[in-house]
1. Could you count how many residues in segment 382-421 are surrounded by 15 or more Cβ atoms within 10 Å (Cβ to Cβ) and aromatic (Phe, Trp, Tyr)?
2. For Leu377, are the conditions met, namely being within 16 Å of ligand 2 (Cβ to nearest atom), under 26 Å from Ser74 (Cα atoms), of a type in the set (A, V, I, L, M) and outside any strand (DSSP E or B)?
3. Condition first: in contact with an Asp or Glu (Cβ under 8 Å, 6 or more places away or on another chain) and either in a loop (DSSP other than H, G, I, E, B) or open to solvent by less than 10 Å² (accessible area, probe 1.4 Å) (or both). Now tell me which residues in segment 323-333 satisfy that.
4. Considering each residue of segment 45-73, count those that are without any contact (Cβ under 8 Å) to a residue 12 or more places away in the chain, part of a loop (DSSP other than H, G, I, E, B) and over 16 Å from Glu190 (Cα atoms), and give that number.
5. Looking at segment 86-105 only, could you name the residues that are within 16 Å of ligand 1 (Cβ to nearest atom) and among the hydroxyl-bearing types (Ser, Thr, Tyr)?
6. Taking segment 106-148 as the region of interest, how many residues are more than 13 Å from ligand 1 (Cβ to nearest atom), touching a residue at least 40 places away in the same chain (Cβ under 8 Å) and either closer than 25 Å to Lys185 by Cα or hydroxyl-bearing (Ser, Thr, Tyr) (or both)?
7. Show me the helices (runs of 4 or more DSSP H) entirely contained within segment 74-177 in which 3 or more residues are on the phi < 0 side of the Ramachandran plot, within 12 Å of ligand 2 (Cβ to nearest atom) and open to solvent by 60 Å² or more (accessible area, probe 1.4 Å).
8. Given (1) farther than 24 Å from Lys148 by Cα; (2) among the hydrophobic types (A, V, I, L, M, F, W, C); (3) in contact (Cβ under 8 Å) with a residue 40 or more places away in the chain; (4) in a helix (DSSP H, G or I), where does Ile352 come up short, assuming only one miss?
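The values are calculated or read from the model by the stated rules, or taken from the named source; none is laboratory data. Computed from a predicted model, the values in this text were never measured in an experiment. Every residue, glycine among them, receives a Cβ derived from its backbone with ideal geometry; neighbour counts consider all protein chains shown. We work out accessible area using only protein heavy atoms, side chains counted, and drop any ligands, DNA or RNA first. Shrake-Rupley method; radii C 1.70, N 1.55, O 1.52, S 1.80 Å.
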Amino acid sequence: MADYKEMWKDLGMDLETHDQLCEVLPQAFTDVYLSQENRPENMAYYDFVVSEIHGVRPAELIEAQKKGKKVFGSFCIFVPDEIVFGADAIATGLCGGSQFWVPGGEKVLPTNTCPLIKASVGARLDKTCPFFRIADMYIGETTCDGKKKAWEILGEDVPMYVMDLPQMKRRKDYKAWAEEITDFKNTVEEFTGNKVTADSLKNSIKLINDKRRALQRLSNFRKNINIPISGKDVLLISQIAFYDDPTRFTQMTNALCDELDKRVEEGVSVFPKGTKRILLAGTPLAIPNWKIHNIIETSGGAVVCEEMCTGTRYFENLVDESKDGLEDQIDVLAQRYMGINCACFTPNNDRIEDIKRLCKEYKIDGVIDLNLKFCNLYDTEGFLVERELKKDGIPVLGIETDYTDSDVQQLRTRIGAFIEMLD
Ligand code: SF4
Ligand code: SF4
């Protein structure tokens, strides 16, 4: 990685602690990613992004800030990036996916909080992630209790705006979410000094839809019997989608898809014939959480679909691009986002229907229902998910894990046995 020490110092980061993170990440990446065989050549871009993870994109964001742009950081796929880009600002994902940040979160949060929240809070308070230092404003949401309370703590350290997400999907809830998006627009306008106009919003809706279209295109390759790209690689791309420049990300992902088109024509697969096709459902996998994909793909399985926020929930369903007035545009934004089936909603039967549909589309042999430890929402919903899948004869394994490596051996045994049973 190039030398970004001065930049990190200017951001007020704890350089000594941050060095420890910089030391472990390259080895973990080499072990999990660079050890794979026959990777598409165009993965080089994403490998580069990871090798410069705390350098190149943060430097771009700082440059943009120098030119007067504001950066908004968010933690959930319900926050509409279209509004932020429509105000000529930049949206970036902030979810923490490393155990490295968890102890920092545990200094202020109960231990029995999900690791994603603990890592996100720790990354900010320990001053060990440039993205968490750069964001001018954080956007939270009222999706789960752990997050709601964490926002109060983070809000003492950084400007924080919280969107109130309805927890049901009645007509009045769609209306309430549209109002919430309007309030968010007003806040972003005030903070940036820029107006979101019907024209700028039309452009940003297209910008984010284009990113979704590229991710959909990428995902479709995994429906082939010959799988031209590993699940690990697609996970990495999904994780990078949250913070990369959207225009460049879309270009690079489409370039990769062009290469995958050729692979499909030539019948290339990165997995041996007969490898079991796994759908992973459940809680999100923030970067650099590659643990479960790595276990599955080194135990005779291939992850071909993630019914997750770092997966189909992020890119399925586009925003209607045909609307011209601001009010109508906000309505279609609300509709698109309310179509996400997160476990924070009740009832959430559509999520089960989604999983069943994805099992067919991706020709799944088995489902692994993953829960991040202490996520009550997905843990509880797991009972219904697993029961309904079993009713349909779909093999399913429920697992719970955190960001540590302490359960890797145990998970390897359980996942290996599950995959073997799929024969
Ligand atoms: S799981 Fe729900 S709360 Fe978490 S990022 Fe996804 S949509 Fe947001
Ligand atoms: S995984 Fe569950 S507990 Fe953690 S942030 Fe998402 S919804 Fe909340």
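1. 2
2. Numbers: within 16 Å of ligand 2 (Cβ to nearest atom): yes; under 26 Å from Ser74 (Cα atoms): yes; of a type in the set (A, V, I, L, M): yes; outside any strand (DSSP E or B): yes.
It is true that Leu377 is within 16 Å of ligand 2 (Cβ to nearest atom), under 26 Å from Ser74 (Cα atoms), of a type in the set (A, V, I, L, M) and outside any strand (DSSP E or B).
3. We begin by selecting, within segment 323-333, every residue in contact with an Asp or Glu (Cβ under 8 Å, 6 or more places away or on another chain); these are 323, 332-333.
Answer for segment 323-333, where residues must be in contact with an Asp or Glu (Cβ under 8 Å, 6 or more places away or on another chain) and either in a loop (DSSP other than H, G, I, E, B) or open to solvent by less than 10 Å² (accessible area, probe 1.4 Å) (or both): Lys323, Leu333.
4. 1
5. The answer is Thr92, and nothing else.
6. Of the residues in segment 106-148, 10 are more than 13 Å from ligand 1 (Cβ to nearest atom), touching a residue at least 40 places away in the same chain (Cβ under 8 Å) and either closer than 25 Å to Lys185 by Cα or hydroxyl-bearing (Ser, Thr, Tyr) (or both).
7. Values: elements: 81-86, 102-106, 115-125, 130-134, 145-154.
In segment 74-177, 145-154 are the helices (runs of 4 or more DSSP H) which contain 3 or more residues that are on the phi < 0 side of the Ramachandran plot, within 12 Å of ligand 2 (Cβ to nearest atom) and open to solvent by 60 Å² or more (accessible area, probe 1.4 Å).
8. (3)
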